[in-house]
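Data first, discussion second: the structure below is written as structure tokens.
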Amino acid sequence: MGEAAKDMTEQPLGERVLSRIRADVLSLKLAPGEVVSERSLETTYGVSRTPIRQALAELIREGLVVKAERGYAIAPFDLQQLEEIFEYREIVEDAAIRLACERARPEELDAILRTVDQGLSDFTPDDWFEAGLDVHVQLAALSGNRFLRDAVQDAVNRTIRARWLVASSREARAIAHREHNEIIALVRQRKTEEAAAAIRRHARDVRGQILQALEDSRRLFGARGFVEGG
């Protein structure tokens, strides 16, 4: 059992239930627009109604679940919101990578490279979320500015469901691996303008991949899985 799995078994019941439901929402096991009830979730997760209600309240706060006419529904993809988040993310990542070029230490970049290499392996959504496998947040942390790091983390969290549509593809992971290595090499060389340009280009590539993946998934999720306007 990995460290993340051990940590989960040591969590209070309510936190474990929340983690399990959140992982299923983020990995699309619970599909956007899908209607769920407290009773159905009790059966699925084998727990009583109280921790289910607590988890649903938190997931509503996080924007992953919404109240529905009959119980609850997994929040649909909001395409306008995603567009705005990608714009926001490009701005904050540009600022963070510029500071990282000034402040990053070689051993910190080496650690991120190990995370980048993990991204080539086959993994489940649970592995991905438990490991915190996100190079962008780690790079933002090298800025030494916690507000920029938190801004990137927030943007990542708000796109993580859509990102799984791309991350589950081995080909997409190979492209990300190459581009992440390029960005890290530029930061190591303290080539600020080149690194900023590379991370903006990467962000736009990811945006295009995600929006295309969402378009391709329309038949799978149906009309209820999408909100067309903000």
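The values are calculated or read from the model by the stated rules, or taken from the named source; none is laboratory data. These numbers come from a predicted model, not from an experiment. Cβ sites come from the backbone with ideal geometry, for glycine too, and all protein chains shown count toward neighbours.
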List pairs: first in the range 163-176 and under 22 Å from Ile85 (Cα atoms), second modelled with pLDDT under 85 and of a type in the set (Ser, Thr, Tyr), Cβ under 7 Å, 6+ apart or cross-chain? Trp164/Ser27
Residue satisfying condition, being modelled with pLDDT under 90 and either within 21 Å of Arg218 (Cα to Cα) or not acidic (Asp, Glu) (or both), within set Ala73, Ala23, Ala68: Ala23
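Give the number of residues within the range 51-86 that are assigned to a helix (DSSP H, G or I) and either of a type in the set (A, V, I, L, M, F, W, C) or in contact with a Gly (Cβ under 8 Å, 6 or more places away or on another chain) (or both).
Residues that pass the stated criteria total 15.
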Count of residues meeting criterion [surrounded by fewer than 17 Cβ atoms within 10 Å (Cβ to Cβ), under 30 Å from Val36 (Cα atoms) and in contact with a helix residue (DSSP H, G or I) (Cβ under 6 Å, 6 or more places away or on another chain)] in the range 66-113: 0
